[in-house]
1. Taking the number of other C-beta atoms within 10 Å as the exposure measure, put ASP74, ASP260 in order starting with the fewest.
2. Note the direction-averaged projected area, equal to a quarter of the hull surface, for the Cα convex hull of the stretch 465-505, in nm².
3. At a Förster radius of 22 Å, what calculated FRET efficiency corresponds to the Cβ-Cβ distance of SER524 and ASP461, to the nearest 0.05?
4. Could you work out how far helix 182-194 tilts from the main Cα principal axis of the chain, as a 0 to 90 degree angle to the nearest 10?
5. What are the ³J(HN,Hα) values, in whole Hz, obtained from phi via the Karplus relation 6.51 cos²θ - 1.76 cosθ + 1.60 with θ = phi - 60°, for each residue of the stretch 445-450 in sequence order, with x given for Gly and Pro?
6. What number comes out for the charge environment of LEU347, summing +1 per Lys or Arg and -1 per Asp or Glu over other residues with Cβ under 11 Å away?
7. Give me P(r) over the stretch 248-379, computed from all C-alpha to C-alpha distances, binned every 10 Å, as integer percentages.
8. Can you give the Rg and Dmax of the stretch 71-112 based on its C-alpha atoms, in angstrom?
Amino acid sequence: MSNPFEPPLLKPDSPEICKVVFQPSGQSGKVKAGLSLLDAARSLGVGIESICGGAGTCGKCQVIIEEGRFAKYDLTSSADHVSSADQDERSICARRGLSNGVRLSCLAHVKGDLLVTVPEEAQANRQVVRKAATERVIQVDPIIRMALLTLDPPILGDRSDQERILALLESRFGLKAPTFELTALKSLPAALREGHGEVSLTIWNDQAVIRVQAGLHDTPLGLAVDIGSTSLAAYLCDLHSGALLATTSAMNPQVTYGDDIMSRISYAVETPNGRERLHRAVIHAINELAAQATAQANAAAEDIVDCVLVGNSVMHHLALGLDPAQLGHLPFAPVAGGAVDANARDLGLKFNPGARVHVLPLEAGYVGADNVGVILAEEPHKQDDIVLIVDVGTNGEILLGNRERLLCASSPTGPAFEGAQITHGMRAAPGAIERVRIDPHTLEVAIKVIGQEHWSVELPDEQIQARGICGSGILEAVAELFMAGLVQPSGKFNSKRNSPRLIRGPKGQPAFVLATAEQSVTGSPIVLTQGDVRSVQLAKAALYVGAQLLMKERGVQQVDRIVLAGAFGSLIDRQRAMIIGMIPDCPLDRVIAVGNAAGDGARIALLNKSSRTEAAQVARWTEHITAPLETEFQEQFVAALPFPHASHPFPNVQRMIAERREAARSGELFSQGEAENDQ
Ligand code: FES
């Protein structure tokens, strides 16, 4: 058999040259008669699955030969234009349950012109579309590959099973002496016995055999995890197809030891075993998320063979068990800034015993691997437009620039937008209020709760079952209170607005009732207090000043596009984010919300190995800007606390508020609010 990695040499004027067109890609060319269709496809750059290396045993390299005259391609294709299926091919097709009419491209040899369809399940290097406001195609080319091998029973004088496998890996796949995980070697004899000599190998980066299974297995699983200071999000992916199989999320259990990154560092440094406790807490949470996600996908955590982690610098250090002490003081030097590859079991992750973990690099002391994930997902470094990306989390991170120069900064936002330190805050889970509308005319309130399709005004109270407020609900509530005049630009509640929902909260401070006792699961009203509004002011001012800092450094007065990212549950409401002054004023059509871009970036790195190299390069290239500590910065922060800002003009916001009041007067408000939900 020819080496599958070397395209055959063609003589264009040879009489044995045949024209072959592959669908659906439409790639075509002339190939030499006698070549296998698999080799023909490779020579033309068409990817066809093959996990047995063309040995005719995996049944993955399926193609369909089209019959008839195809004027579009100026050829006549026929099943007779390939060698006929022999007994071996028929039996492997029967064994793998392949339908009649399907040929195995490694066993079908070209005899004449052909139009060949590669069914979707046989297409290698497939693409998946990242579903977000900005759709992005991810080329599926993971660091994990599968290889199916068949070993004859050993005879006297034969080499070891391992050596015979290594010889097959070199001859079939061109792999030079990959190592074997001990756990994989241990399972080899039983797998060979059970598979009657047929075993599937899971290979990491063409360098290490990390798992051996009996028979055919071709759907290795990977887990991408965004470790936020307050919440974790995990994405379980099929590394073969790129499909997202399950998404799970949880609060970061480290919250028990401190709400923000500085308090976590203090706990890690000052408490005996503190660092180990924080490490174990987050690893335990990732194990739980993996167990939930694999259960949803009818799989087992043992099937996870690769994992990508992202998180801010402190989360990164604690997940790896590294000492975060230096991140707590100038010059904020991390222990490790580059990408880290580790064995999952060394971190305590209960995946497959041979599973690997890749942690994306950090950009700077306080701009972490999560921000590198955002860059992979949003690709500001490949664009001409100047883009401002605001990743809203407990430790907010901001990017500004384009392909010429990209700047980043971190912003101590606090956990308000993740539902923590808010009186009735909670993570985005069933029962959380995720959307809020307040009629500025009648002060009527409509809420939408996760798990309910309808707004509260369309449901009887007892069906609403509100439990608390998640990040997107908190942001919307504050913006709506401000637009309705219930909260003044200073952030103080306006007692002159006459509403029965303006009450004294649990600790006697002014509060606004978002869900009444009848609408809540607890039987007590769900409120937003004066302190909650203040937390939102501090958070939004930190982000706004951070953006201003980068714009000044980059020498721009305005940006071409603003991207709002964050693990909010529903997409962050771009209009309301601007109304409270979280982002600079600009036409609304220049603002997009993309959901958890850091998590999307982790998923991209999981599915595409070359994106890991790109991440390493861009992390080094992005310039980190540190906020000056002098008075001017403090003054800017204080000026950014009011809604939308003490002195900066916000003409687009003023117009939006005026339009909203008009809509309220004409009674169209709640229908408008629902439409806005589909931004
Ligand atoms: Fe495995 Fe053809 S490549 S059967």
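No value in this document is a laboratory result; all are computed from the given coordinates. These figures come from a predicted structure and were not determined experimentally. Ideal geometry is used to build each Cβ from the backbone, glycine not excepted, and the neighbour counts take in all protein chains shown.
1. ASP74, ASP260
2. With the hull built on Cα positions only, its mean projection is 3.6 nm².
3. 0.95
4. Approximately 50 degrees, to the nearest 10.
5. Each residue of the stretch 445-450 in turn: 10, 10, 10, 10, 10, 4 Hz.
6. On the way: positive: ARG280, ARG345, LYS350, ARG356; negative: ASP346.
Local net charge: +3.
7. Using 10 Å bins, I get a P(r) of 13, 41, 36, 10, 1 for the stretch 248-379.
8. Cα radius of gyration and Dmax of the stretch 71-112 are 12.1, 37 Å respectively.
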